[in-house]
1. Kirkwood Rh, the chain, all Cα pairs: how many Å?
2. Can you tell me the relative contact order of region 210-375? Whole percent, Cα pairs under 8 Å, sequence separation 6 or more.
3. Once both axes come from the Cα atoms, what is the angle between helix 356-370 and the longest principal axis of the chain, in degrees from 0 to 90, rounded to 10?
4. In which sequence would Val166, Val324 go, from the one with the fewest C-beta neighbours within 10 Å to the one with the most?
5. Using per-residue counts of other Cβ atoms within 10 Å, averaged over each peptide, order 353-361, 466-474 from highest down.
6. Applying a 10 Å radius around every beta-carbon, put 284-290, 135-141 in order of their mean neighbour count, most first.
7. Residues with beta-carbon under 10 Å from that of Ala219, excluding Ala219: net charge, scoring Lys, Arg +1 and Asp, Glu -1?
8. Which order do the peptides 96-103, 172-179, 443-450, 362-369 come out in when sorted by mean C-beta neighbours inside 10 angstrom, highest first?
Amino acid sequence: MRAEIPCAKDARLLTGSKELMNSGSFVERATYDLRQEGETQTEVEIVPPNDYEQWMPQADEDEKTLGNFIDVGIVAHAKGHPDQAPPVPVRKYKITLADTSKELGVDSNWPLHSRSTDDFDMKIDNVNPWITLDDDKGQSAVTKQEDLTAFSVTVDSYDWGGYTKVKVVAELEDDSSVVAHVQGHSDQDTLSLPKDDNQNHIADWWEHFFAIKNADASADDDDTPAGDGHKGDSIALYDEYCGFRIHGKHERLSPELKDLFIWDMNQLGAGIYGSATGVTPHLIYGLERNTQGGAKNRNVVTPNGSQGDVYALYLIDWPLEDGVVGDTEGGPGVPRDIQSVKINTALIRGAYGDAAKSALASTIAHELGHATNVRHHGDAPPDYDTGDARCRQPDGSFKNYLCNIWPKDKDTKQIIGLGQKAGEDEGCWGVATQGGMFSGNDQCLMRYDMTNFYENPHGNCQWQHNGKTVHGYLYGKDPPGMTLCWSGRGTGVNDPANPNNKAGNAAPGRGDCIHHFCLKNSAH
């Protein structure tokens, strides 16, 4: 029962207003609910579906195509008595989506930035006999029928990282209104989609699955593998949750494991980089990264992201000069700093023969190592190039190695060795020395494994260097490294306990490559 009266001392005031009446005299007018304390009232609840705890948003190819949806129930009843009809019937319900996200695209890198839009990521579905949408934005609706006590609305998702809040206000037949609360939570007047108690716009279910401790959307705490000790891979928590389009399919990433994106121009693959480091490589198509701007910007794989740039490595098959099998332009450094990773597959096939497949896998991993801040076991110098050399044979004769003759494998007839061409000032034959690029653990993929000679005072070969005669041995071919080393100590052919070892221990501060790689922009 409603009444407008000047004053009602024993009535419970629900709403009120003040207005000037009769030439300035003040009269207080109010709408009162004459129900006494304890009298039954109408209660409206928002009812989450059974799968609410685990529900996460999804998307499709673009912002216009439905990904998935969730049904939200709405019920009205007597307050505290769900099985009783509301004492004051509901005339209509107003359903509103509040604070709805408008993230670009459907995930961090799709569609292309130039084709992405910032439409609402969640909308009320208009195919519903109980409601009418207020506009084409899908953010509010009203019911068509009076006296509804139970119905549902469907909220559609168009973004893998979308979020919104459902709010319901019921207008009763006595012109009063009731704000609905979430069933079982009288203090919550909105329902977060997805479930998001900490309000960081990331589904609680995803956070609970990974037992996330730092729930800041910008957090970057991936700690596996450890690498150089810096946590993170430059991909923010929200972007890993929102996910990426990778080789044509959407994938959410792990906030525990470090990830590396590679724009694999010629389908070379990541070699053994992933298995050697523990980092998870993701090979992407060219259209799955930014296609505009300068060379650096074109390697960004978060064009739709809001948490900072993430860079892919540009991996390409390239005919490098001077016997070089691979080159990382801008390295050693983190992916942000790398312009390209080039692999000379033709030379690898020619130089390694039957071992070319494993050599290619190792070479790719080697260069990706440089692209994630791993250095060689040593430098050149101390390794160097020299000119003509000669070696004493078992019968006492000498075999000349002239700069216009490259050595060939006796069986395959393929050229071996990576020396420079004849006539260049630096010389044509490569020489490995103690603590140089060929030193350290001989199973490590960051160690150089093929050159022409190595220094040793007992060697049967000799050549000139810095005006002095130097002795050594033919280097031969070592199997390519297939792992990352855990220390700088020389092993196998480099074991210092062997007086005829090739290159000994790694240079000071080098080796131990498993603890040197890093992907995080701010770490270096």
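1. Numbers: mean 1/r = 0.0355 Å⁻¹.
Kirkwood radius, the chain: 28.2 Å.
2. Numbers: 340 pairs, mean separation 30.4, N = 166.
Value for region 210-375: 18 percent.
3. So the helix axis and the longest Cα principal axis differ by about 60 degrees.
4. Details: Val166 23, Val324 13.
The fewest-first ordering by Cβ neighbours comes to Val324, Val166.
5. Working: 353-361: 17.6, 466-474: 13.4.
Packing order, densest peptide first, comes out as 353-361, 466-474.
6. Numbers: 284-290: 18.1, 135-141: 15.1.
Top of the packing list down: 284-290, 135-141.
7. So the surrounding residues net to -3.
8. Details: 96-103: 17.6, 172-179: 15.2, 443-450: 25.8, 362-369: 28.0.
Result, highest mean Cβ count within 10 Å first: 362-369, 443-450, 96-103, 172-179.
Each value in this text was obtained by applying a stated rule to the coordinates, not by laboratory testing. All values derive from a computational prediction rather than experimental measurement. So basically every Cβ, Gly included, is an ideal-geometry build from the backbone, and we count neighbours across all protein chains shown.
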